[in-house]
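K.L.:
Structure provided below as structure tokens; questions to follow.
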Amino acid sequence: MYRVWNFVTNYSILLILGALIALIWANTNPGSYHDFVEFVLIDDFIIGHPHADEHGHIHHTLTLHYLVNDVLMAFFFAIAAKEVWEAVILKNGSLRGKKAATPLIATAGGMFGPIAVYLGLAAILGSETYNAVANGWAIPTATDIAFSYLVGRMVFGAGHPAVRFLLLLAIADDAAGLIILAVFYPSGELAPEWLLLSVAAALGAFILFNWLPRKLDRGNQLRPRSTWVRNKLSFWPYLIAGCLSWYGFQEAGIHPALGLLPVVPALPHADRAFGIFSEAEQYLTDLLNHAEHLLKHPVEIILFFFGLLNAGVEFSAIGSPTWLVLAGLIVGKPLGVLLFGWIGAVLFRLGLPAGMRIIDLFVIGCVAAIGFTVSLFIASVAFDGTVMLEGASVQAAAKMGALFSFGAAAISIVAGKLCRVEKQAL
């Protein structure tokens, strides 16, 4: 349990603190808050918000908001991608083999369910509402892995098989979320040829600083070339490749916060992973895990500023988008996970882990309804501040729905009691 609390305090407490400060600031002095968020760091720069001048030439303005959301959050998504990559590629990866089949199907339900509820209710509210909020369909699909895992342990107990099932679902949900961001939420006009720069940077780093030294050291147990590269160059070649890849994403029109993803698989990694909340994970010394350890404290600070710059929503903005996001999460998630999990376990005869019941899928869905971090991020890219509904910003109202998703923790505890979940200790 210490490892879980340690993860939450490291990566989430500062995020919550930043969000609380933002809420107070935005509701007491909204003018100064929004001036702070859009504070211009450098005008006419190589990176930043693109805008055209009177001659049609594109210029970039680097604001504080862009620096945090589009540049620095790339390190947060790189850590998420690292967990997904290991879960998929390693021999004992949690998303490989038959053991992952039912959780993966349930993950699909945990995405389609919220989308159906969100868009379905929006359509019932009328065409004006539907047209205003439709682009935010992905907001309620997200699951905050840290808080969901913590609440899952509180509901089921650390030794319950449903906790591991929840973790598999959350990791798969993160993977799907990264794909959704890349495909459905471009940051500008698409220019896919720029992705060649990202691919070339990642491939070059992998060949020159990972594959080639290992090939030259084949048969030599001392591995002199690989050791020299690791000791002398460390992560720097991959950081340079990451900068090039990030720039390629920006110019390609794909959200640049995902710009480090192609480089993550290029880093040398251990032959096995113990899992994101395993105590043994901290003892892995491969370069991929070493880079994650180095990013730990910087990402804590980044998440504080992410909360500070994105959660500043005036309470007057609460409206239909708020309740649509919340309904998608707390209604669509549990029902989707239950239905698709039943299809996988019973209809496809893939089964559930020993000790799990079908009704546990519903409780897992309630826990997974805590969207928060990624939901907040998607809300910030799905809408710009100019889209209005009921006299308020759709983006602000949708963000409030993401913040309110913390209520799913209380719903999960009640659902656990009603469904007679028996806690199991390790």
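K.L.:
In nm, to one decimal, how far is the A200 label point from the K417 one, both placed 7 Å along Cα→Cβ?
P.N.:
Going by the 7 Å Cα→Cβ label model, 6.2 nm.
K.L.:
Determine, at each q value in 0.09, 0.15, 0.21 (inverse angstroms), the log₁₀ of I(q)/I(0) that the Debye formula gives when each Cα of region 302-426 is one equal point scatterer.
P.N.:
Cα-only, vacuum Debye calculation for region 302-426: -0.33, -0.76, -1.08.
K.L.:
Across region 188-251, how large is the tail of the calculated P(r) beyond 16 Å, expressed as a percent of all Cα pairs? Let's see the in-between values first.
P.N.:
Values: 1042 of 2016 pairs.
Result: 52 percent of Cα pairs exceed 16 Å.
K.L.:
Now a separate question. When only C-alpha pairs under 8 Å and at least 6 residues apart count, what is the relative contact order of region 292-366, in percent? If you can, show how the numbers build up before the last one.
P.N.:
Working: 29 pairs, mean separation 23.0, N = 75.
With pairs under 8 Å counted, the relative contact order is 31 percent.
K.L.:
Can you spot the lysines whose alpha carbon is less than 29 Å from K99's alpha carbon? Ignore those fewer than 8 places along the same chain.
P.N.:
Correct list for K99: K82, K91, K333, K417, K423.
K.L.:
Please work out which option in (1) 26.1, 99; (2) 20.4, 67; (3) 21.9, 70 gives Rg and Dmax of the Cα atoms in Å calculated from these coordinates, and answer with its label.
P.N.:
Computed from the coordinates, Rg and Dmax of the Cα atoms in Å corresponds to (3).
K.L.:
Across all directions of projection, what mean area in square nanometres is found for the Cα convex hull of region 302-353? Could you put the intermediate results ahead of the total?
P.N.:
Working: hull surface 24.3 nm².
One quarter of the hull surface, i.e. the mean projection, equals 6.1 nm².
K.L.:
While we're on this one: Can you run phi through the Karplus equation (6.51, -1.76, 1.60; θ = phi - 60°) for region 383-400 and list ³J(HN,Hα) in whole Hz, with x for Gly and Pro?
P.N.:
10, 9, x, 8, 6, 10, 8, 6, x, 9, 5, 5, 4, 4, 5, 5, 4, 5
K.L.:
Would region 4-158 count as rounded, prolate or oblate if I go by the C-alpha gyration tensor, calling it rounded below 1.5 in a/c and otherwise prolate when a/b exceeds b/c, oblate otherwise?
P.N.:
Numbers: a/c = 1.66, a/b = 1.46, b/c = 1.14.
Prolate is the answer for region 4-158, as a/c is 1.5 or above and a/b outweighs b/c.
K.L.:
For K296, give me every one of the aspartates and glutamates with a C-alpha distance below 20 angstrom, ignoring sequence neighbours fewer than eight places off in its own chain.
P.N.:
Cα-Cα hits under 20 Å: D70, E83, E86, D144, D174, E279, E281, D286.
K.L.:
Return an integer: the convex hull volume of the alpha-carbon atoms of region 65-111, in Å³ per residue. Intermediate results must be reported in sequence, preceding the final value.
P.N.:
On the way: hull volume 3.5 nm³, N = 47.
So the per-residue Cα hull volume is 73 Å³.
K.L.:
Mind jotting down the distance between the C-alpha centroids of region 60-114 and region 282-353, whole Å?
P.N.:
9
K.L.:
Report the relative contact order of the chain, percent, no decimals, based on alpha-carbon pairs under 8 angstrom and at least 6 residues apart. Intermediate results must be reported in sequence, preceding the final value.
P.N.:
Working: 752 pairs, mean separation 122.2, N = 426.
Relative contact order of the chain: 29 percent.
K.L.:
Here is a follow-up. Under a GNM of the chain (C-alpha, springs under 10 Å), which listed residue has the highest mean-square fluctuation: V313, V229, V71?
P.N.:
V229
K.L.:
Here's another thing I want to ask about it. Students often forget the sequence filter, so: which lysines lie under 19 Å Cα-Cα from K98 once same-chain residues fewer than 8 apart are removed?
P.N.:
none
K.L.:
Tell me, what is the percent relative contact order of region 188-251, built from C-alpha pairs under 8 Å that lie six or more residues apart? Don't skip to the end; give the middle numbers.
P.N.:
Details: 45 pairs, mean separation 35.7, N = 64.
Contact order relative to length: 56 percent.
K.L.:
What residue among G328, G152, G188 has the largest mean-square fluctuation in a Gaussian network model of the chain, using Cα springs under 10 Å?
P.N.:
G188
K.L.:
When N is the residue count of region 121-160, what does its C-alpha Rg come to as a fraction of 2.2 N^0.38 Å? Walk me through the intermediate numbers first.
P.N.:
Working: Rg = 16.7 Å, N = 40, 2.2 N^0.38 = 8.9 Å.
Ratio of Cα Rg to 2.2 N^0.38 Å: 1.87.
K.L.:
Quick check: convex hull of the Cα atoms in region 252-364, volume per residue, rounded to a whole Å³? Show your work: numbers first, answer last.
P.N.:
Values: hull volume 25.7 nm³, N = 113.
Considering the Cα atoms of region 252-364, their hull volume per residue is 228 Å³.
K.L.:
Net charge near Q395: determine it from the other residues with C-beta under 15 Å of the C-beta of Q395, scoring Lys and Arg +1 and Asp and Glu -1. Walk me through the numbers on the way to the answer.
P.N.:
On the way: positive: K399; negative: E38, E314, D384, E390.
Summing Lys/Arg as +1 and Asp/Glu as -1 gives -3.
K.L.:
For the chain, with a Gaussian network of springs between Cα atoms less than 10 Å apart, report the residue from T322, T28, T143 with the top mean-square fluctuation.
P.N.:
So, out of T322, T28, T143, the one fluctuating most is T28.
Every number here is computed from the coordinates shown, using simple stated rules; none is lab data. Worth saying up front: this structure is predicted, and the values here are computed from it rather than measured. Cβ: placed from backbone, ideal geometry, glycine included. Neighbour counts: every protein chain shown.
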